[in-house]
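A.B. asks: Just passing along the structure, written as C-alpha cells.
Values quoted throughout were computed directly from the atomic coordinates according to the rules given, and no laboratory measurement underlies them. Just so it is clear, the structure is predicted and the values come from calculations on it, not from any experiment. Ideal geometry is used to build each Cβ from the backbone, glycine not excepted, and the neighbour counts take in all protein chains shown.
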C-alpha cells in the first residue's frame, strides 16, 4: 500500500519557512523606521501567497502529481494558520520586549490621520480611547492570527482552484 503525503506536514514546513521570512522582513522594516508605511508592511502578504503556492505545488509533486481542491484549500489555510500564530507571536514579543514604542507610534499616526480628516478633538479622543482598548497585546495577537487565517483561506480558494489536479476516477 502506498503512503499518502500529509497536508499537515507540508503546511507546517511552508508555514514555518514563511514565518521566518516574514519575521526577518518585519524586523528590517521596524529597524529602518518604516513600520508605518502601509505598502511595505503589506508586502508580507506576498510572502504568504508565495508560501501557499509553493506548498501546494510541493504537495502535488509528492502526491504523484495529484491534489484535490479540498486538500489544497486545507493545506493553504493550515499553512496560513501556522504563519499567523508564529508571526503574531513574534510581533507581540517584538512590541513587548524589543521596541515597545511601535504601538505608540501607531497610535500617533492614527491621531494624525484623524486630524487631517478634520475631526474635532472630542471625536478624536473618543476614537483614540477605543483604539487603545483594541490595541491591547492579546487582542492584537488574536486579530493577527485570524487575519492571516482569513487571508490565507481566500488566497487558498483561488490558488487551489488553479493548482489542483484530481486523480482519474477509474485509475
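A.B. asks: Counting other C-beta atoms within 10 Å, which of 117, 9 has the fewest, and how do the rest follow?
C.D. replies: Fewest-to-most Cβ neighbours within 10 Å comes out as 117, 9.
A.B. asks: Highest mean first, how do 60-68, 82-90 rank when packing is the count of other Cβ atoms within 10 Å averaged over residues?
C.D. replies: Listed from highest to lowest mean packing, they are 82-90, 60-68.
A.B. asks: Right, here's the next one. Remind me, relative contact order of the chain in percent, using alpha carbon pairs under 8 angstrom and six or more residues apart?
C.D. replies: Averaging sequence separation for qualifying contacts and normalising by length gives 34 percent for the chain.
A.B. asks: Within segment 93-119, name every residue whose backbone N is under 15 Å away from a label modeled 7 Å from Cα of residue 127 along the Cβ vector.
C.D. replies: Output list for this probe position: 106-119.
A.B. asks: What FRET efficiency comes out for residue 110 versus residue 40 if R0 is 25 angstrom and r is the Cβ-Cβ distance? Round to the nearest 0.05.
C.D. replies: After rounding to 0.05, the efficiency reads 0.90.
A.B. asks: Same structure, new question: Please list 73-81, 44-52, 102-110 highest first by mean number of surrounding beta-carbon atoms within 10 Å per residue.
C.D. replies: Going from most to least packed, we get 73-81, 44-52, 102-110.
A.B. asks: In Å, what Kirkwood hydrodynamic radius results for segment 100-171 from the alpha-carbon pair distances?
C.D. replies: In segment 100-171 this quantity evaluates to 15.8 Å.
A.B. asks: Dividing the alpha-carbon Rg of segment 13-76 by 2.2 N^0.38 Å yields what?
C.D. replies: Relative to the 2.2 N^0.38 Å estimate, segment 13-76 comes out at 1.37.
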